[in-house]
Amino acid sequence: LAEGFQTARALSVKFNTLYELSSSLLSKQPHYDWGLRAVKSVLRVAGGMKRANPTLDESQVLMRALRDFNTPKIPSHDIPIFLRLINDLFMGQTVDPNVDQGLRDRIIRAAKAKCLQHDDAFVNKVCNF
């Protein structure tokens, strides 16, 4: 790992394991990228999160980066599998998603204005994008 992580070796094993298991257990989708390009992108996101939250544990930073970066591109039927993999690799750790409340409120207002249903799954998916 890069981006100044002190426990890079241990975290890299979790990172690699997650991507190997994801590529074999999740449905085959043409837009899935479990290669080096995705690794580099997640590392940049994780580095930004680490700099923004220096007191947060490094494994929690990586867990949040992996979850928040990958779940928007995963179809709903694969999300429970992916989240289970993350929970198994980062056992006993929980990190709340980083959601911009102002954006969330604007999404709900826009959905109401267009007479659309705005359940949590819809709002979260739009926030993730």
(request) Starting from the Cα of residue 73, draw a straight line to each of the aspartates and glutamates and keep only those under 15 Å, dropping any in the same chain fewer than 8 residues away. (result) 33
(request) Taking 7 Å along the Cα-to-C-beta vector as the label spot, tell me the residue 91-residue 60 distance in nanometres, rounded to one decimal. (result) 2.0 nm
(message) Taking 25 Å as the cut-off for C-alpha to C-alpha distance, list the pairs among 28/114; 40/125; 28/112 that go past it.
(response) 28/114; 28/112
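Would you mind computing the Rg to Rh ratio of segment 73-129 from its alpha-carbon coordinates, Kirkwood style for Rh? Before the final figure, lay out each step's value.
Numbers: Rg = 14.0 Å, Rh = 13.1 Å.
So for segment 73-129, dividing Rg by the Kirkwood Rh gives 1.07.
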(message) I want the local charge near residue 57. Using Cβ-Cβ distances under 12 Å, sum +1 for each Lys or Arg and -1 for each Asp or Glu among the other residues.
(response) +1
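May I ask you to list the trypsin sites (Lys or Arg not before Pro) in segment 42-129 that are in a DSSP loop and have at most 15 other Cβ atoms within 10 Å of their Cβ?
114
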(request) Can you check what the Kirkwood hydrodynamic radius comes to for the chain, Cα pairs only, in Å to one decimal? (result) 15.8 Å
(request) Let me have the 222 nm mean residue ellipticity of the chain computed from DSSP H runs of 4+ only, each contributing -39500 (n - 2.57), with the sum over all residues rounded to the nearest 500. (result) -20000 deg cm²/dmol
(request) State in Å² the accessible area per residue of the chain; use a 1.4 Å probe, count heavy atoms of protein chains only, and round to the nearest integer. (result) 62 Å²
(request) Could you check how much of the accessible area of segment 19-129 is carbon and sulfur, as a whole percent, using a 1.4 Å probe? (result) 56 percent
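The values are calculated or read from the model by the stated rules, or taken from the named source; none is laboratory data. Keep in mind it's a predicted model, so treat the numbers as computed, not measured. So basically every Cβ, Gly included, is an ideal-geometry build from the backbone, and we count neighbours across all protein chains shown. The area values use the complete protein model at the heavy-atom level, side chains included, leaving out ligands, DNA and RNA. Shrake-Rupley method; radii C 1.70, N 1.55, O 1.52, S 1.80 Å.
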